1. At 1.4 Å probe size, with no ligands or nucleic acids counted, give the accessible surface of Leu104 in Å², nearest ten.
2. For the stretch 3-48, which trypsin sites (Lys or Arg not before Pro) are in a loop by DSSP, counting at most 16 other Cβ atoms within 10 Å?
3. Quick one: if you stick a label point 7 Å off each Cα along the C-beta vector at Glu156 and Glu196, how many nm between them?
4. By accessible area of protein heavy atoms, probe 1.4 Å, what ranking do Phe168, Phe66, Phe14 get, highest first?
5. Can you list residues from other chains, or at least 5 along the same chain, whose modelled amide H is less than 5 Å from the amide H of Thr59?
6. On a full-extension model of 0.36 nm per residue, what is the gain between Met92 and Ile20, subtracting their alpha-carbon distance, rounded to one decimal in nm?
7. With a Förster radius of 45 Å, plug the Cβ-Cβ distance of Glu72 and Ile114 into 1/(1 + (r/R0)^6) and report the FRET value to the nearest 0.05.
Amino acid sequence: MEKIVLKAQKRTVFGKKNKILRQKGLIPAVLYGKKIEENYPLEVKAQDFRNVYKKAGDTNIIDLVFEDQGKEQVKSVLVQDVSSHFLNGLPMHIDFYEVEMSQLIKAHIPINFIGESPAVAAKGGILIKSMNEIEVEALPKDLPHEISVDISVLAEFNQTIYVRDIKFPPNVKILVAGDTPVASISKPITEEELEEELGKAKTVEEVEVAGEAEREQREEVEGESSQQKEEISSQEEK
């Protein structure tokens, strides 16, 4: 696999001053790992990171290159976390985690659904995706970028693809039970069934409202009864 390289620089501004970096087209970042005593502050060009992240995602190794004390450093890292702006979705901060290439790591691999289900295309079935990622364990170099799941095998209603049906790359251990459903086909709901379901929901809501009203009325009566008892007790003491 082609190496994915991202150049970075040591960061010297922190906190609210990071806003200045972002205005210059840079993203503040931090590097950490088992062999790194203190988190190492970095900054990367926003455009460079977007290009690299598109290729690597959260599961492919990135060679992070930066200069430290006059020496070029190359760290094998994974993108551990990306904090994005709540409005425009642009990256605001990045966490890089240095991995040890000889040690197994756990990761959540995204699922890529491919193909077309005949039960959906020809029969109007509803595709239900029960999972969008699968947890696995492997050496960093063996982590797949994604897991492809072909839904073209789903030709009938109520058919299901389970984890055990998926072909995983060699040297990758699946950490999810084999009988866990990944995708299935549900029969399309008719207008009559929809009305019936809506009717049931309405009935349940009415019962809940009635129950709440009954509870409030009971509490009110109990409160009045308690007050009356207190008044009688007070009169007897007098």
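1. 110
2. Answer in residue order: Lys3, Lys24, Lys34, Lys35.
3. 2.2
4. Phe14, Phe168, Phe66
5. Correct list: empty.
6. Working: separation 72, 0.36 × 72 = 25.92 nm, distance 1.18 nm.
Once the chain is fully extended between Met92 and Ile20, it gains 24.7 nm.
7. 0.65
The values are calculated or read from the model by the stated rules, or taken from the named source; none is laboratory data. Everything numeric in this text was worked out from a predicted model, so none of it was measured. Note: ideal-geometry Cβ built from the backbone for every residue, glycine included; neighbour counts use all protein chains shown. For accessibility, only protein heavy atoms count, side chains too; no ligands or nucleic acids. Shrake-Rupley method; radii C 1.70, N 1.55, O 1.52, S 1.80 Å.
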